[in-house]
Amino acid sequence: MGKIKPYYDHSPSAIDKRAVDGELILTPLGFEGDQQADPRHHGGADRALCHYPREHYDYWKQRFPEQADQFTAPLFGENLSTQNLTEETVFIGDIFRWGQALIQVTQPRSPCYKLNYHCAINGFARIMQDSGRCGWLYRVVSAGKVNPGQPLELVSRNSDVSVAEAISIAFNSPFDEEQYRRLLSASWSKNMQMRILTKRIEDMESRLVGASGD
């Protein structure tokens with residue numbers, strides 16, 4: 001859970017999450033009481049929850065050993081962190097039962113520049129994106145009460161596009177309308193629609209490095 005507060009340059013952010021125990025209320029826009037500072041790029045119906053695989057933290061500890069102590073959930077601002085679900089095993093469109101709720105994978109997380117400052121590692125958002133260890137986002141299909149101790153149960157698989165493949169298509173490949181249409185059919189809509197309409201890939205620099213280019 002996170003609250004909006006001034007960040008490194010006095011701009012608001014709620015990336016500094018805290019783990020919680022006990023029952024939570026999951027609404028169509030995320031956890032009751034959780035906040036997002038920039039609704040243009042975070043939150044909303046198709047980005048109600050962020051999931052980050054807990055095993056990835058071991059990778060980051062090994063890659064940045066001098067800062068290993070910081071690499072523990074929920075450092076990256078995620079709402080869920082679990083073992084045994086990764087970008088390779090989770091697919092766009094997957095629906096999971098979690099307590100009373102149903103949640104559906106919509107798209108990979110798009111790492112943003114605030115991670116650079118939050119982790120105190122220059123260019124970390126780009127490093128995360130290039131590594132493919134981005135995590136993913138959910139929409140809430142059916143709201144309800146959930147508990148961090150309850151498992152996620154896969155109830156429906158609705159595409160053949162893994163989150164890992166979606167990351168590769170969206171972030172690491174040249175323009176490919178056929179592949180974008182695969183993501184459209186797998187429910188990642190807005191970005192891919194704009195690429196098809198404009199015949200170009202959107203500028204990712206402001207997301208990765210910030211408006212100042214730092």
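Applying a threshold of 7 Å to beta carbon distances and a minimum spacing of six or more residues, or different chains, the list of pairs starting in segment 89-115 at a residue that is in contact (Cβ under 8 Å) with a residue 40 or more places away in the chain and ending at one that is aromatic (Phe, Trp, Tyr) and open to solvent by 30 Å² or more (accessible area, probe 1.4 Å) reads VAL105/PHE91; LYS114/TYR7. Within segment 87-127, the set of residues being under 13 Å from the mean Cα position of the chain (by Cα), farther than 29 Å from VAL155 by Cβ and open to solvent by less than 10 Å² (accessible area, probe 1.4 Å) comprises LEU115, ALA125. For the criterion of being open to solvent by 10 Å² or more (accessible area, probe 1.4 Å), of a type in the set (D, E, K, R) and out of contact with any strand residue (DSSP E or B) (no Cβ under 9 Å at 6 or more places or on another chain), ARG182 passes.
Would you confirm, using the coordinates I've provided, whether LEU75 is out of contact with any helix residue (DSSP H, G or I) (no Cβ under 7 Å at 6 or more places or on another chain), open to solvent by less than 30 Å² (accessible area, probe 1.4 Å) and part of a loop (DSSP other than H, G, I, E, B)? Answer is yes for this residue. For segment 51-72, the tally of residues that are part of a helix (DSSP H, G or I), aromatic (Phe, Trp, Tyr) and surrounded by 14 or more Cβ atoms within 10 Å (Cβ to Cβ) stands at 2.
The values are calculated or read from the model by the stated rules, or taken from the named source; none is laboratory data. Only a predicted model underlies this, so the values are computations on that prediction, with no experimental measurement involved. FYI the Cβ positions are ideal-geometry reconstructions off the backbone, even for glycines, and counts take in every protein chain you see. Keep in mind that these areas ignore ligands, DNA and RNA; they rest on the heavy atoms of the full protein, side chains included. Shrake-Rupley method; radii C 1.70, N 1.55, O 1.52, S 1.80 Å.
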